[in-house]
Number of protein chains: 2
Amino acid sequence: MIPQISTPECIVSKDERLVKQITPKTEDFSRWYVEIIQKTELADYAPMKGMMVIRPYGYAIWEHIQRLMDQRIKAAGHVNAYFPLFIPESFLQKEAEHVEGFSPQVAWVTVGGKEELEERLAVRPTSEAIIGHMYSKWIKSWRDLPVLINQWANIVRWEKVTRPFLRTTEFLWQEGHTCHETYEEAQKETLLILAMYKEFVETELAIPVLAGRKTWREKFAGAQETYAIEGLMSDGKALQMGTSHNLGQHFSKVFDIRFEDRGQKLQYVWQTSWGVSTRLVGALIMSHGDDSGLRLPPHVAPIQVVIVPISLGNWKETVIPAALAAEEILKKAGVRVYLDTREEFTPGWKFAEHEMRGVPLRIEIGPRDVKSGQAVLVRRDTMKRETLPLDALGAKVPALLEDIQASLYQEAFTFQAQNTHEARTYDEFKDILDTKRGFVKSLWCGGEACEDKIKDETMATIRLIPLEIKDKPVHGACVCCGKEAKALVYFARAY
Amino acid sequence: MIPQISTPECIVSKDERLVKQITPKTEDFSRWYVEIIQKTELADYAPMKGMMVIRPYGYAIWEHIQRLMDQRIKAAGHVNAYFPLFIPESFLQKEAEHVEGFSPQVAWVTVGGKEELEERLAVRPTSEAIIGHMYSKWIKSWRDLPVLINQWANIVRWEKVTRPFLRTTEFLWQEGHTCHETYEEAQKETLLILAMYKEFVETELAIPVLAGRKTWREKFAGAQETYAIEGLMSDGKALQMGTSHNLGQHFSKVFDIRFEDRGQKLQYVWQTSWGVSTRLVGALIMSHGDDSGLRLPPHVAPIQVVIVPISLGNWKETVIPAALAAEEILKKAGVRVYLDTREEFTPGWKFAEHEMRGVPLRIEIGPRDVKSGQAVLVRRDTMKRETLPLDALGAKVPALLEDIQASLYQEAFTFQAQNTHEARTYDEFKDILDTKRGFVKSLWCGGEACEDKIKDETMATIRLIPLEIKDKPVHGACVCCGKEAKALVYFARAY
């Protein structure tokens, strides 16, 4: 009776006012973004500044992301664990860059029970410090390596400017923390995870991303190198969607994580860390959403197919049995289906609501359809309608969902291609950012002065240095200073 | 190549000293308990007082608990969501009993970034207050009811005396929070969850439990009624393993959670909340463990079957292929299997290690076994050996695992039955607690004076008032004061 999938049904406000006009994307992207979140009940604002509540519909998307990512993390040999929420202040202070980067963002516990604490405890802004401490207890020999541990956890960073899912005081994420015998192994892990993130986001979220290295200025506080994947949102701004850090021996040296190597010599381990967060839900909204609301890729949609019975004539005797049969067939085919039999709403209202909520496929069944043994299918991505024999649903719908997944990816891929431009001069560069948005590929001298100047003057930052640049030296002039370039990089204004 | 199940392999210390004698249970139960946790790498002590790290082997058990519980929660119509970690102090203070019960245990965030906060934020000791606030925004009409939301989250309670898994400053749990139109519906939900918890713990953890109501003294701070399940650990002490609260209108009145009822009248909603936590891992250890270490029920064992190849003669050419074939067959049969091919350890060492780690079934394959096409199977619960044809493994092992699950339950059930006694006089009562341990069933007058006196003099508390007592009035004298009894209750010393 009750669907086993997480449906928002029991918490949907039955108030008809719910489906209101959403501010068009082109009119005000930021307003469109927050209106979608509120109206589709993905999340709500908490009473504490910068914090949000992830409502069941939003959390169900996160559960699918977790499930699909966790499978990949385990398939690559990692195991999950759980480390404490609190980190003593002295631990955070051990790595100089790390404390400088994170201490402005830390929420501090100073009182426990009725007593003032002797040492303040940070609510984890990331877990390198506490995990480093534990690893130094656990790792003795090369035989203990590699250590491949991941955790799913909540993170707190005291942010000044927040936006639901994209930047919130508290968010959910996974953080991998690995230890290796050599730099090369750690680097291999760093890039393996980067590739895994790219494949995950493209396959499951239908969002094409660039993968590459961050500049020193943009890297993680404490890392030797940071790699990231970057997507282009539909307003032309870039979004960092996952990072993978080669930590070198920065943390192993300060936390004394040493192992006896194969030649009986004591060595510091080489580490990596990497994570993706609930920010990915924000990326889904901004990549695929349109003026009618969300368009969810079927792989992570809480409801993949909604069946709306058309309440005409003796529909309860004719349409409902056919709809129930269709629901059963789709469930057996492994489809997350919701049969919307609510009587207080008209079919038209339901169409609008499920469109807004981004359900990938709608199946309409009316009295005439039952007579002719068919149903009307409407894709959310293209809004195209087709009719299909009722007895073909089990065979056709899974393939159709895959087609929707692929077409959302293709659409986003085309958008990214059309919004990636090359600029050779600084005037061209500024013109593209002002008139065309998107990624700007340009040569860069490698200097922070140019990086800073460009940021100050255009608000664009270097999103990535593509991976291949090490092998292919570039020739030409820096787009900013005109000196000899060291790399071809991707700039963009970013979230 | 890498097993998809969470195996502790990559983080097991390869140091042979790992398998040392564990202090016998009968000699020192508390020491036995913490030694098992450390030596099997379920958890480790964190550097902050009262906090622990759940290591991969322990976390893998928790993941199975989560998965099996989450299925039940969703099957009963609930959806998951995520509410903020922090709760403003003023919110906690709204419900008088609630603040009195929890404020001594709260960790307080007083500084965010560089700034002193205007209002202290509690790190959630439970989420009724913040969820109540959000529900008051979301619920308007009877059409919005019931609200059936659950969250998986971390919880912080500043405990004075801690013990890994049983009572830690931070722990993981699920907390359900529901709203209903009537008291009766809320009560139905409360008891439905209580029954679900009992069925879960008995079916998946193989631990028999009593279910019933708590006395006023033992109930949740803010609840109208608290129900709980209680298990009997193998040292004869009781452990509360899950609670389900009927909150009445205590929180809806202070958080103003009102709805327009079917007669257009404004009413306060009726609420429930309920939870189980990582404490369940502690229950597994204390219910089933023996002097050789853990005995994990197959349903939640990270590794259900370990295959140990016997390294004799040309074992690499003969035994390994047979072991790989057996591994493949068992994987196909849906068994979580680990083939232990490590060459730095002897088979005997591996037997001891996997016994200590509680792997339910060991399969030994040696050169002679390969010749005769068979394998030796050793059950962890009874240590009984049997031989089985290699080609029968796929068909027989899943059934054998179910048999181990059932026999662990049966053993615990017999233990509980043998350690549940009735006492009619206070002398009998004290004698049982001193000499026989376990549950003591006695008549009680319903007075807190007797409850307090018994606790002070014997350290025993009323664990439960059985559910059926409302229907069957009792006749007799209170075990403590001799006045007319109101209920037959279960006493025990408890964790």
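Nothing in this text is a laboratory measurement; each read-out follows from the coordinates by a stated rule. Bear in mind the structure is a predicted one, so any value in this text is a computation, not a measurement. Ideal geometry is used to build each Cβ from the backbone, glycine not excepted, and the neighbour counts take in all protein chains shown.
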I'd like the distance separating the alpha-carbon centroids of the stretch A:301-330 and the stretch B:373-415, in whole Å. 47 Å
Using a simple charge model, +1 on the beta-carbon of Lys and Arg, -1 on the beta-carbon of Asp and Glu, nothing else, what dipole does the stretch B:24-288 show about its Cα centre, in debye to the nearest 20? 120 debye
Tell me, what is the percent relative contact order of the stretch B:231-354, built from C-alpha pairs under 8 Å that lie six or more residues apart? 19 percent
Taking the label point as lying 7 angstrom from Cα along the Cα-to-Cβ axis, what are the distances from A:R342 to the corresponding position in the remaining copies, in ascending order and in nanometres? 5.5
Calculate how steeply helix B:183-204 sits against the longest principal axis of the alpha-carbon atoms of chain B, using the helix alpha-carbon long axis, and give the answer as 0 to 90 degrees to the nearest 10. 20 degrees
Peptide B:166-172, shielding by other chains (average Cβ, 10 Å cutoff): 2
Could you list A:K253, A:K198 in order of exposure, starting from the residue whose Cβ has the fewest other Cβ atoms within 10 Å? A:K253, A:K198
Relative contact order (%) - criterion: Cα under 8 Å, at least six apart; region: chain A: 14 percent
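Can you give the average number of partner chain beta-carbon atoms within 10 Å of each beta-carbon in peptide A:157-165, as a whole number?
1
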Using only Cα atoms, find the angle between the long axis of helix B:29-39 and the longest principal axis of chain B, and express it within 0 to 90 degrees, rounded to the nearest 10. 60 degrees
Measuring label to label, 7 Å along Cα→Cβ, what does B:E448 give against each other copy in nm, shortest first? 6.4
Quick one: how many lysine pairs does the stretch A:130-253 have with C-alpha atoms less than 23 Å apart and a gap of 8 or more or different chains? Give me the count, please. 15
Eligible lysines near B:K371 by straight Cα distance, threshold 27 Å, same-chain separation 8 or greater: B:K316, B:K331, B:K332, B:K350, B:K384, B:K396
Output wanted: per-residue J couplings in Hz (rounded whole) for the stretch B:313-323, from phi through Karplus 6.51 cos²θ - 1.76 cosθ + 1.60, θ = phi - 60°, x for Gly and Pro. x, 8, 4, 5, 7, 9, 6, 4, x, 5, 5
Report the Cα centroid-to-centroid distance between the stretch A:74-131 and the stretch B:87-109 in angstrom, as an integer. 24 Å
Be a star and scan the stretch A:84-110 for residues whose amide nitrogen sits under 12 Å from the point 7 Å along the Cα-to-Cβ vector of B:V111. A:89-90, A:103-110
What shape does the stretch A:343-483 have by the C-alpha gyration tensor, where a ≥ b ≥ c are the square roots of the eigenvalues, rounded means a/c under 1.5, and otherwise prolate means a/b greater than b/c and oblate the rest? prolate
Computed, not fitted: 222 nm per-residue ellipticity of chain B from DSSP H runs ≥ 4 (each -39500 (n - 2.57)), nearest 500, equal to -11000 deg cm²/dmol
If you find the alpha carbon centre of the stretch B:211-286 and of the stretch A:428-491, how far apart are they in angstrom? 59 Å
On Cα atoms only, tilt of A:448-458 relative to the major axis of chain A in degrees: 30 degrees
Please sort by residue number the trypsin sites (Lys or Arg not before Pro) in the stretch A:391-495 whose DSSP state is loop and whose Cβ has at most 11 other Cβ atoms within 10 Å. none
Mind listing P(r) for chain A? All alpha-carbon pairs, 10 Å bins, whole percents. 4, 17, 25, 24, 17, 9, 4, 1, 0
DSSP beta bridges in the stretch B:292-435 [antiparallel fraction, %, rounded to 5]: 55 percent
Which one, B:G373, B:I193, B:I131, projects farthest toward the positive side of the charge dipole computed for the protein assembly as shown from Cβ point charges (K/R +1, D/E -1)? B:G373
For the stretch A:420-492, what is the convex hull (Cα atoms) projected area averaged across all directions, in square nanometres? 4.2 nm²
For peptide B:110-121, how many partner chain Cβ atoms fall within 10 Å of a residue's Cβ, on average? 5
